[in-house]
Amino acid sequence: MIPKLLYRYIAKNNFYYLLFCIVAGIFIYLLVDLFDRLDNFLSKGVQPQIIISYFLWKIPVILSQIFPLVFFLTSIIQFSLMKKNREWEAIEGGGIFVEKIMLFLIVYSLFFSSIHLLFSQYLGNYAQEKVDYIWDSLGKKQRLIKDKVEDIWFRKQNIIGFIKEANIESGECVDVTLYVLDNNFSQITNCYYAKYGKFNNDVLVLKDVINYIPNEFKYVSIESFTVKGSNIKTILEASATPSVEDIPVWTLKKIISEMKKTGTNIEDILTVWYSKISYSFSMVVLSLVAFFIGRKFENIPLTMGLGLCISLIFYGLFVLGTTLGKSGDILPFLGAFGVHIVFGSLLIYVYMKDLIFFRR
C-alpha cells in the first residue's frame, strides 16, 4: 500500500512543479520572441490579430521543443528537495527499494513521452505550419512546398532513373534518363532518354524516347516507354518538402515504405523518423539521470547547474548522432538512439558499481 501512496506523492508533486516550469518557460520564450520579431511585424504593417495569432500558434511549438528539457530539470528540482527534506532516507529506511521507484519513473516518463510524441507530431507540426506561414508570408499567401524539384534519382527493381526537373502539381518532368541493368546487376543493357515525361504515383510514361543499346553500339527511337509501380510522386513530394522534420511520424513512415520499394537512399529520412521518436523518449533516460542526481545532492543551484551541463551534452550528442545518421556514416537507428545507449550504459555502470550518484 505504501508504494502506491509514494508513487502518487511523487507524481502529484512532479505534475505541480512541471506545470509551473512549463508556464514559466513558455512565458520567457514568448517574451524573447516578441522582442525579436515585433519590429518585423510592425514594419510590414501586419494587423494585430495576425500578430496575436502568430504567438498563440507559437505556444504548441514551444511546448513541443522544451518539454523534455523542462521535465528533466523539474525532476532534478523535485528529487533534490526530497533529499534536502530527508525524504529519501525515510523512504529507504521504511524498507522501500529504490529499484521500485526507478521502475515507477520509467513507466511515468514513458507515459509523458508518448503524450509528447503525439502532441508534437500532430498539434505541434500543425502549429509550426501556421507559424511558418504567418512569418514567411506576413499575411500574403505563399507556398511553403516547392512545385518543382531537380536532380532526383530513383530505382525500380533493375531500373535506375534520373529526373533533371519535375513539376509535382502538373505531373510533368523533363530530361529523364533510365538505366536498365541485367539480372545480375553487372552491366547496363538499355538506356532510355526522353526530353519529356508524365507521371502519377504508380506510372511514369516517357514520350519520344531514344533507346540506347550499349552492347550493340546503336540506338533507336521509340514512341513511348512506361515504368509501372515507380512511386515516383511520393519520392518527389518528399524531396519537395523544405524539411522532412516538418512531416509527422506516421506520414513519414508511409513515405519511407514507398521509397524502400524504389531502392532510393533513405538514410536521411529514416534518421529523421527515428530522431522524432528518440527526442520524445529521451525523458525516460533523463528522468533516471535526475533521480541519481537528486538522491546525491540537495543543493538546488548545484543540481540545476549539473542538469544544464548534462542537457547540453545529451542534446549535443543527439545532434551529432542524427547528423552522422543522415550522412550515412552510421546506421540511422544508432544516429538517433546512440545517445540513449551511451547514457543508459553509464547509468547501468553507476548503478552496478555503486558510484557517485547512487549509493545504497
Which value at 222 nm does the chain reach when only helices count, each DSSP H run of 4 or more adding -39,500 (n - 2.57), with the total divided by all residues and rounded to the nearest 500 deg cm²/dmol?
-21500 deg cm²/dmol
Proxy exposure order for M352, M82, M304 (fewest C-beta within 10 Å first) is M352, M304, M82
Can you give me the relative contact order of the chain as a percent, contacts being Cα pairs under 8 Å and 6 or more apart?
18
Residue separation times 0.36 nm, minus the C-alpha to C-alpha distance between F35 and L81: what's the value?
13.1 nm
Counting other beta carbons within 10 Å of each Cβ, put C173, C21 in order, fewest first.
C21, C173
In whole Hz, with x marking every Gly and Pro, tabulate ³J(HN,Hα) for the stretch 76-91 from phi via Karplus 6.51 cos²θ - 1.76 cosθ + 1.60, θ = phi - 60°.
4, 4, 4, 6, 5, 5, 5, 5, 5, 8, 6, 6, 5, 5, 5, 5
Once the dipole of the chain is set up from charges on Cβ (+1 Lys and Arg, -1 Asp and Glu), the residue from the list A336, F27, L5 lying farthest towards its positive end is L5
GNM, the chain, Cα, under 10 Å: largest mean-square fluctuation among S280, S224, S114?
S224
Tell me the angle of helix 282-296 to the major Cα principal axis of the chain, expressed in degrees between 0 and 90 and rounded to the nearest ten.
20
Taking the Cβ of I159 as the center, what net charge do the other residues with Cβ under 12 Å away carry, scoring Lys and Arg +1 and Asp and Glu -1?
+2
Say each of Y122 and I28 gets a label point 7 Å from the Cα, pointing the same way as Cα to Cβ; how far apart are those two points in nm?
3.0
Qualifying chymotrypsin sites (Phe, Trp or Tyr not before Pro) in the stretch 1-103, DSSP loop, other Cβ atoms within 10 Å at most 12
F97
Could you run the Karplus curve 6.51 cos²θ - 1.76 cosθ + 1.60 with θ = phi - 60° over the stretch 321-330 and give me ³J(HN,Hα) per residue in whole Hz, x for Gly and Pro?
x, 5, 5, 5, x, 5, 7, x, 6, 9
Can you work out ³J(HN,Hα) from phi for every residue in the stretch 39-49, in order, using Karplus 6.51 cos²θ - 1.76 cosθ + 1.60 and θ = phi - 60°, giving whole Hz and x for Gly and Pro?
4, 5, 5, 5, 5, 8, x, 6, 5, x, 5
Where in the stretch 320-351 is the amide nitrogen less than 16 Å from a point lying 7 Å along the Cα-to-Cβ axis of L312?
320
Among the listed pairs K148/K254; K12/K100; K164/K207; K254/K326; K12/K84, which have their C-alpha atoms separated by more than 20 angstrom in this model?
K148/K254
Would you mind giving the three semi-axes, in whole Å and largest first, of the ellipsoid equivalent to the stretch 148-240 according to its Cα gyration tensor?
22, 15, 10
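Every number here is computed from the coordinates shown, using simple stated rules; none is lab data. All of these numbers come straight from a predicted model, not from anything done at the bench. Neighbour counts run over all protein chains shown; Cβ positions are idealised from the backbone, glycine included.
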